[in-house]
Amino acid sequence: MKKIIFFDGDGTLWYPKDTKWSTQPHDKYNQPNYRDQDFALHFVPTPNSLETLAQLKEKGIKLVLVSTTPHEDSETARQEKIMKATSLGFDAVLDEMLFAPNHREGKGEVIERVLAERHIPKSDALLVGDLYNWDYKPAKGIGVDALLLSTTYQKDYA
């Protein structure tokens, strides 16, 4: 059994309500009406994500959000605060929320650092994400198992 599971955020754990989980959600943050309002007004959990995380947590598995952000550190802190304050409920089931640098290998770098700091073997880790080049490939590139969710927008957003 895995000891730690890393999850992507956008498209994996939550998505913008108006996309109905059918178009890539990542650029929504740059739209003015998304940036200055409550996260929960625009985003909803993906089906069964909260329930699944709660079951994994009950089994003692460490659950970590690792999300790529194009924003500076101050903006990253703002995003984390907004997410924790929302009614989406992820703050109750995730053990940690981390943000990766905005390049394709960023998540792999963060995962590798976390595993080294906690002395967890790569074989005991898993990443779950929705994009091949930004989630699956960086994890596999450092030797961590990865699960790629199938989406309708994935082919358009490599």
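The values are calculated or read from the model by the stated rules, or taken from the named source; none is laboratory data. If you're wondering where the values come from, they're calculated on a predicted model, not measured in any experiment. All Cβ positions, glycine included, derive from the backbone under ideal geometry; neighbour counts span all protein chains shown. We work out accessible area using only protein heavy atoms, side chains counted, and drop any ligands, DNA or RNA first. Shrake-Rupley method; radii C 1.70, N 1.55, O 1.52, S 1.80 Å.
Here is how the numbers come out for the structure above:
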quantity: Strands (runs of 3 or more DSSP E) fully within the range 76-154 counting 2 or more residues that are modelled with pLDDT of 90 or more; calculated: 125-129, 145-148
quantity: Leading residue by the ranking (nearest to Leu56 (Cα to Cα)) among those in the range 115-155 that are without any contact (Cβ under 8 Å) to a residue 24 or more places away in the chain, within 18 Å of the chain's Cα centre (by Cα) and open to solvent by 30 Å² or more (accessible area, probe 1.4 Å); calculated: Leu147
quantity: Which numbered condition Thr46 fails, given (1) modelled with pLDDT of 65 or more; (2) farther than 25 Å from Glu112 by Cβ; (3) over 12 Å from the mean Cα position of the chain (by Cα); (4) of a type in the set (Val, Ile, Thr); calculated: (3)
quantity: Any pair with Cβ under 7 angstrom, 6 or more apart, that starts in the range 1-20 at a residue that is without any contact (Cβ under 8 Å) to a residue 40 or more places away in the chain and more than 12 Å from Asp145 (Cα to Cα) and ends at one that is open to solvent by less than 10 Å² (accessible area, probe 1.4 Å) and in a strand (DSSP E or B); calculated: Tyr15/Phe43; Pro16/Phe43; Lys17/Phe43
